[in-house]
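What follows is a short report on a single structure.
Just so it is clear, none of the values below were taken in a lab; they were calculated from the coordinates. Computed from a predicted model, the values in this text were never measured in an experiment. Glycine gets a Cβ as well: all are built from the backbone with ideal geometry, and neighbour counts include every protein chain shown.
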Amino acid sequence: MANIQRSGADKAGSAIRYVVLGIGAIFFLLPFYLLLRNGLSTEADITSPTWKLFPSTLHWSNISDLFNDPAVPMARSLVNSLVIAVVQTVGVLVISGLAGYGLARIPFRYANAVFYFIVATLLIPAAVTFVPSFVLVSSLGWVSTLRGLIVPGLFQAFATFLFRQYFLNFPRELEEAAQLDGTAYWGTFWRIVVPNSAGFIAAIGTITFIGSWNAFLWPLVIAPDQNSWTVQIALSTFLTAQTINLPQLFIAASIAILPLVVMFVFLQRWIVEGVERSGISE
Amino acid sequence: MSVSAPARGPITTRLRGRYDRNLWFAVFVGPFVLGLLVFVYIPIVWSVVLSFFDAHNTVTPSKFVGLSNYLDMIRDASFRSSLATFVLFALFIVPTTFVVSLGLALLINRARFARTFFRSVYFLPTACSYVVASLVWKLSIFSGVRFGLMNTVLGWFGIEPIAWLSVTQPPWYWLVIVTARMWLQAGFYMILFLAGLQRISPSLYEAAAIDGAGGWKVLRFITLPQLRATSTAVLLLLLINAFQAFDEFYNLLSSSGQYPPYARPPLVYLYYAALGQGQDFGHGSAGAVILTLLIALVALGQNRVLGLGRRED
């Protein structure tokens, strides 16, 4: 009897869970729907007093209008964002990967001191130091340049920390086999360690890319010139402007999230691993 | 694992090996440490120096003012109100995001089918930037005009449209700000909770089932205690991220270069104080130092809890 009752309760519980998950999913997908709906509408469709699920005709021409509008530096800002995100991702992987490996594997008398020098900066989130960073980078004359946007973001203590933790647990036998060949640290790293760490590198790489593509405060501070806008700054400028072209802004935002949505569909496994690694280590 | 020096080869090669190691350490770690020095340590030190000077529109000031920038900041009502804004914001966002992301993780963890689908759906907003979320929230969902989504829904019930972002009494803008951040963040923390749930040993649940415990009891006496480390980490991450809130406040509330006098969290305050018209780097730096010290205290607590920096070998 008791068993039958429980399985009945289980089924009801399971159904309730799916109803809750389903309703929540609708709410979580709603903003994506609104981006597309408004992006493919005309201004009149959006401001219509009755809500239409989708406009009667989908205005795909909004996309070409957006790229042809000389007042909106859409193509330029997308290219800027792409260059920044790619260079920062590759740069962080190389710089932090090397540093993490050195800290984990190369014996050095002051390695501990160096390690504390690095983790001390983890106490200070980058966002809080934007005033001093602006002071330094503007003194270098890097305002509104790609250098100013990219270089300060290349030195991520947290990525180095994660790489070090990862390499500490890397199977030593693999490296020792290489070292018997007389291959030095450099060769071991590039020929043995890197090819065998593709998953971890993908995890750190994807979350670095996402952070870089979505960054806002630093590009806002350091790149006021329109030629150096990232796509986030371009969107923000038109969002906070006096007059707003609604369909254009929504289609621009849809295009701005497209690269990351594609990444989430195809690389989700690595992104999830990256989030887990960056959230907490076991 | 303790460090064991490889004791092979004659003494000369061993010496050369040690020299080489120092060199290789420099090659591997040097670029990063150098970058950290230039782009993190120097700005911080410079900022501390500037905070003791009168530095209007200059980064090489000559007028030493002692602690007066700090005293001005502490006396400044708008600086203190920015801290109060953070506290209020944290009181809304931290518990709600915590409960929603934990709830989603628990639901998805128990789901028998379509698990990956639901995980992806809730995780997908993480791909969006605060700018994009602000755009949808400000111009569509919580648009103050009649055709905004919320006002349309209210209209079905005969309720007059609400100017969500421009009314201060009642402060509806909080609803807009908190829901936007919640939508962006919940999936991220849900992933952390799911990872934590996966680490709980199934034998604990089996033991509970044998004892006849079910439902809430399992949650209360097994799941939640086993999630303690994850929960602590999530709470602290939520708190630190709330402290650094800037993007959604700026994009939701400012318009044509103007930001309203209310709802200014610390970074928004700092942005306008240091980089606004005055370019007052002295006061701006003093504010940055105070905020850095405050957040370092929180982060220090986090490190103690998480054991960051503890050697694993």
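Where the eigenvalues come from the Cα gyration tensor of the stretch B:68-306, what are the semi-axes √(5λ) of the equivalent ellipsoid, largest first, in whole Å? Please list the in-between numbers first.
Details: eigenvalues 274, 137, 38 Å².
Result for the stretch B:68-306: semi-axes of 37, 26, 14 Å.
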query: Do the sum for chain A: with -39,500 (n - 2.57) for every DSSP H run of n ≥ 4, divided by all residues, what is the mean residue ellipticity at 222 nm, to the nearest 500 deg cm²/dmol?
result: -22000 deg cm²/dmol
- prompt: For chain B, what is the mean residue ellipticity at 222 nm derived from helices alone (per DSSP H run of n ≥ 4: -39500 (n - 2.57); sum divided by total residues; nearest 500 deg cm²/dmol)?
  reply: -20500 deg cm²/dmol
- prompt: Can you run phi through the Karplus equation (6.51, -1.76, 1.60; θ = phi - 60°) for the stretch B:143-158 and list ³J(HN,Hα) in whole Hz, with x for Gly and Pro?
  reply: 5, x, 7, 5, 7, x, 4, 5, 5, 4, 4, 4, x, 4, 9, x
task: May I ask which residue of B:Pro170, A:Phe189, A:Ala44 lies farthest towards the positive end of the charge dipole of the protein assembly as shown, with charges of +1 (Lys, Arg) and -1 (Asp, Glu) on Cβ and the Cα centre as origin?
output: A:Phe189
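Under Stokes-Einstein, with the Kirkwood radius over Cα pairs standing in for Rh, what whole-number D in µm²/s applies to the stretch B:166-292 at 25 °C and 0.890 mPa s? The partial results should precede the final answer.
Working: Rh = 18.1 Å.
Result for D is 135 µm²/s.
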- prompt: With a Cα-only, solvent-free Debye model of chain A, what are the log10 I(q)/I(0) values at q = 0.07, 0.08, 0.09, 0.13 Å⁻¹?
  reply: -0.40, -0.51, -0.62, -1.02
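For chain A, what's the relative contact order in percent, using C-alpha pairs closer than 8 Å and at least 6 residues apart?
Numbers: 240 pairs, mean separation 90.7, N = 282.
For chain A, the relative contact order is 32 percent.
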Hz values of 3J(HN,Hα) by residue in the stretch B:199-210 - Karplus curve (6.51, -1.76, 1.60), Gly and Pro given as x: 7, 6, 5, x, 4, 5, 5, 4, 4, 5, 5, 4
- line: Helix A:246-266 sits off the longest principal axis of the Cα atoms of chain A, rounded to the nearest 10 on a 0 to 90 degree scale, by 40 degrees
task: Could you tell me which of A:Gly141, B:Trp183, A:Tyr18 has its Cα farthest along the dipole of the protein assembly as shown towards the positive end, charges placed at Cβ (Lys, Arg +1; Asp, Glu -1), taken about the Cα centre?
output: A:Tyr18
Rg and Dmax of the stretch B:88-214, Cα atoms only, in Å: 18.9, 58
message: How large is the direction-averaged shadow of the alpha-carbon convex hull of the protein assembly as shown, in nm²?
response: 32.6 nm²
statement: In terms of the alpha carbon gyration tensor, root eigenvalues a ≥ b ≥ c, rounded if a/c is under 1.5 and otherwise prolate when a/b exceeds b/c or oblate, the stretch A:119-163 is oblate
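Please get the size of the charge dipole for chain B, origin at its Cα centre, with Cβ charges of +1 on Lys and Arg and -1 on Asp and Glu, quoted in debye to the nearest 20.
Values: 23 positive and 12 negative charges, 221 e Å.
About 1060 debye.
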Taking the stretch B:68-306 and dividing mean pair separation by its residue count, relative contact order in percent (alpha carbons under 8 Å, at least six apart): 28 percent
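Hand me the trypsin sites (Lys or Arg not before Pro) from the stretch B:116-212 located in a DSSP loop with no more than 14 other Cβ atoms within 10 Å, in residue order please.
On the way: sites: B:Arg119, B:Lys138, B:Arg146, B:Arg181, B:Arg199; in loops: B:Arg146, B:Arg199.
Answer in residue order: B:Arg146, B:Arg199.
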- prompt: Rg (Å, one decimal) plus Dmax (Å, integer) for the alpha carbons of the stretch B:32-113?
  reply: 22.0, 68
query: B:Lys138: which lysines have alpha carbons under 30 Å from its alpha carbon, excluding same-chain residues fewer than 8 sequence positions away?
result: A:Lys52
- line: At the level of C-alpha centres, the distance separating the stretch B:120-177 and the stretch B:190-218, in angstrom, is 37 Å
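Highest mean first, what order results for A:154-162, A:243-251 on Cβ atoms within 10 Å? Kindly include the intermediate steps, with their values, before the conclusion.
Values: A:154-162: 23.1, A:243-251: 19.2.
So the order, starting with the most tightly packed, is A:154-162, A:243-251.
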field: Whichever lysines have a C-alpha closer than 30 Å to that of A:Lys11, once near sequence neighbours (fewer than 8 apart) are set aside
entry: B:Lys217
